[in-house]
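Below is one structure, written out as structure tokens; comments come after it.
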Amino acid sequence: MNEIDSEYEEAIARYLLDHPDFFLRHEDVLEDIEVPHRTGEAVSLLEHKIRMLQDKAARYQKQLQELIAVARENEQLNQRLHRLTLNLIEATTVEEVLSTLQDELRARFNADAVELKLFSTEDLEEARVSEAGMAIFRKFMRTDKPTCGPLSGEKLKVLFGDQAGDNGSAALIPIRTSELSGVLAIGSRDRERFHAGKGVDFLVRLGELVSLTLQAVGNRKDR
């Protein structure tokens, strides 16, 4: 296309945009114009417009279905988190906190393995964490953001023993109280169950809930 043709096309396009009633006044033109289709079939301008609208409606319908699915999943997560919160309120020891987490996360969140590893914050800061290879997670435990993704067999073994298999994935959530630091690990034998692109908002809330529960348990012991 040369420069002159391009200028003519732009002028025609501007005119049609400025005069949307053009085809109402020239219906014969609307019926006679044919638009080539990707398949090679020529259709009228009106049919082409209808197809474009149908395609757009289909895209909007798909987007709506995806939004509805996300909303339902979020609602289910909120309900599960609410039930977990009620059960954790009754926990009076660290052992009861772990037992509750294992029962709830396995039953309601389809986890294959759940572990809560806790250490003295002082030991963590002084790099004295060495239990069963947990030193490899020292850097993570100093962060405040959960992470998801596949883990090597070594890391899965350190966290879960034989519960999560040799080729799984996990969600790792940092836990912090005034005296303790650690990690809540939720494991799956499916490497795609906890993938790197998975949202972590829910995991952040879960980490805050567990940290506050452990802080409350610690405060009761000190009384």
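The values are calculated or read from the model by the stated rules, or taken from the named source; none is laboratory data. In this text, all values refer to a predicted model and were calculated from it rather than measured experimentally. Cβ sites come from the backbone with ideal geometry, for glycine too, and all protein chains shown count toward neighbours.
Scoring PRO150 on the criteria (1) at pLDDT below 80; (2) surrounded by fewer than 22 Cβ atoms within 10 Å (Cβ to Cβ); (3) in contact with a strand residue (DSSP E or B) (Cβ under 9 Å, 6 or more places away or on another chain) leaves a single failure, condition (1). Among the residues making up the range 52-105, those that are part of a helix (DSSP H, G or I), more than 22 Å from the chain's Cα centre (by Cα) and surrounded by 13 or more Cβ atoms within 10 Å (Cβ to Cβ) are ASN87, LEU88, VAL94, GLU96, VAL97, LEU98, SER99, THR100, ASP103. In the condition set (1) at pLDDT 70 or above; (2) more than 30 Å from THR213 (Cβ to Cβ); (3) touching an Asp or Glu at 6+ places or on another chain (Cβ under 7 Å); (4) among the polar types (S, T, N, Q), SER44 is compliant with all but (1). Taken over the range 84-109, the residue count meeting the criterion of being under 22 Å from ARG193 (Cα atoms) and outside the structural domain of GLU208 (by TED's automatic domain parsing) is 1.
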